[in-house]
Amino acid sequence: METKNDSVLSLLAVSSEPHLCSALTAYAKNECSVFPAETVLKALDMLSQAPFDILLADLEDCKRDIVKLFVMAKKKEPGLHLVAAMDADTGMPEGKIMEHSRITFIGKPFTADDFGQKIRAGMRDAERRTHPLSIFDVVLLYSLCRENLMLTVTRQCRTEKNSGTLYFENGGISSAGSGSLLGEDAFYEIMRWTDVRFAERRGETAKFRDITRTREDLLLEVIRHSDRELRMMATQEFRVDEVTPVLSVSDGSEKESGDQNPSEAELTALACRLGISKILKELRDGTDSLENAIVTDTEGMILAELYPESAQPLHRIVMNALDFCYKQSLWPESEGLEEMLLFCQKGIIMLFPVSDKGIMGIAVRHHNFGLIRQICENAAAQIEKILR
Amino acid sequence: MSECERIRDVLEHLAADLNGTEEIAVLREDGTVLCCFPEKSENAVIFTVDLLSGIGEEMACPEMGDMTGLILKGKEHFAACYRIPDMDAVVGLYGKSAVNFGLLNSASRSACSRIREILYVPEE
């Protein structure tokens, strides 16, 4: 193996096509040293011997092993810039999907422009480069491999363990399952997970096809979900730092012009959240046995929470309750759900749907059940007024 | 008196104590019905099986300990189930949602203890 010059970037190219490496060398000129590896094994060996700045892998050569290669390489070199080269006519990800991925995709045969615009730009984008691979990237890569396989995804966080399965068929996702969720619901749930482990089983196909949307549609929907959550988080920060004074003016006359000001709908949403947070705080002050309280909308999106750091188990229970009552239809729709009480050894979890717009979940340690239930019912009624 | 008759007696008393309770059933967690009051207690059985299968494990919250009971309240009716301590059996109830839930909770737990006394066979 050639010795690497420290003053220029080092690019490890995994491809059996000699002209791909020639093209890379030509376009990189003096800024990159190109090191070819014909197979994934060879590449892994080279990665273990020396650090690299860019790892370019040919998807046609690596197939599904590209995922393992990228994951292992990222583990070794967190700042490594990953590039996947593939035939441009085999369903290259485009637009938003490409932007959302932490991998740079280039079509073969690639041009000087590709190298200039994509690889160099990816190298300059330090934030994107240093991010670990996400489940989004893994799913995207597996689907681009166009192999039939089953992927088991496991998430183990501090408080819980979840697992789910995804079936890839002919470049698309044909089926998904996680807990009681199936199809697209399960897919979107799995795609929200972080810190995941995964295991593949080649050649497995789903017994039933419960996802019919295309890969692009599914991934765009995932991006939309993620954007919505980010907006939500940004709005929460905005609320704390800047919005409160504006909210005190009911006619919005103090709303200044400018792009950063929230719209009327956002202000209404913020006012709702502020109101709900206030009620939850009053609830906390009114009883000494409250463990946590959250309010979510009917999709499970958190509108307010008392102690965010420990809200996850309660949120999960709210989500499962929503699923149980509304999606699985185990409880008659005509009855509606007015209250769900879950008695546990150390306390009680109470769920109160608030109008048809949300659900309040409360965890309390053992206490005077009648009294605490009355207090919670009052709080739910107040939140219902706000949401209406 | 057979075990079943004794359990039925407990259920009868429970129904009399809880104004609004229409059906009560005692089931093993695998869905086997041990006893019902009145004899036709389809709703109690169906909802208890649903609650156990649909919620059981998924609603578990390790931070709060094992689940001991569950009540679902709708506009007109409620469904509830309580685990009988140390046994793989539950008491399921179905009735009008106007029932006093505090009383439902305490009376059902007391009934669970009595049923446990009837069913429990100490290991030698």
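Every number here is computed from the coordinates shown, using simple stated rules; none is lab data. Since the model is a prediction, treat every value here as computed from it, not as a measurement. No Cβ is skipped: glycine too gets one built from the backbone with ideal geometry, and neighbour counts run over all protein chains shown.
Candidate cross-link partners of A:K96 among the lysines, defined by an alpha-carbon separation under 21 Å and a same-chain spacing of 8 or more, comprise A:K108, A:K118. Charge tally for A:L41 (other residues, Cβ to Cβ under 12 Å; Lys, Arg +1; Asp, Glu -1): -2.
Full extension of the chain between A:K346 and A:E229 gives 38.9 nm of extra length, using 0.36 nm per residue less the Cα-Cα distance.
By the count of other C-beta atoms within 10 Å, a proxy for reagent exposure, A:V196, B:V26, B:V90 are ordered fewest to most as A:V196, B:V90, B:V26. Dividing the mean sequence gap of close Cα pairs (under 8 Å, 6+ apart) by how many residues chain B holds gives a relative contact order of 30 percent. Less than 5 angstrom separates the built amide H of A:F35 from those of A:L11, A:L12, A:A13, all sequence-distant by 5 or more or on a different chain.
For segment A:169-181, putting each phi into the Karplus relation 6.51 cos²θ - 1.76 cosθ + 1.60 with θ = phi - 60° gives couplings of 9, 6, x, x, 9, 9, 7, 8, x, 7, x, 8, 8 Hz, in residue order, rounded to whole numbers and with x for Gly and Pro. Grab the beta carbon distance between A:T298 and A:K75, set R0 = 51 Å, and tell me the FRET efficiency rounded to 0.05. Using R0 = 51 Å, I get an efficiency of 0.80. With the largest listed first and rounded to whole Å, the semi-axes of the equivalent ellipsoid of segment A:1-158 from the Cα gyration tensor are 23, 18, 16. Here the residues A:T154, A:T165, B:T48, ranked from fewest to most Cβ neighbours within 10 Å of their Cβ, fall in the order A:T154, A:T165, B:T48. Under a 5 Å amide H cut-off, with hydrogens placed 1.01 Å from N, A:I173 pairs with A:R215 among residues at least 5 apart or on other chains. Between B:G74 and A:E338, B:A79, the built amide H atoms are under 5 Å apart, and every one of these is 5 or more places off in sequence or on another chain. Here the Karplus curve 6.51 cos²θ - 1.76 cosθ + 1.60, taken at θ = phi - 60°, turns the phi angles of segment A:354-359 into couplings of 10, 6, 9, 10, x, 9 Hz, with x standing for Gly and Pro. Across the protein assembly as shown the C-alpha pair distances fall into 10 Å bins from zero in the proportions 3, 16, 21, 19, 17, 12, 7, 3, 1, 0 percent. Each part gets one Cα centre, and for segment A:69-122 versus segment B:14-43 those centres are 63 Å apart. Ordered by the number of other Cβ atoms lying within 10 Å of each residue's own Cβ, fewest first, A:V153, A:V40 fall into the sequence A:V40, A:V153.
Counted by Cβ distance under 11 Å from A:E216, the other residues give a net charge of 0, where Lys and Arg count +1 and Asp and Glu count -1.
The residues packed around B:S2, meaning those with a beta-carbon under 11 Å from its beta-carbon, carry a net charge of -1 if Lys and Arg are +1 and Asp and Glu are -1.
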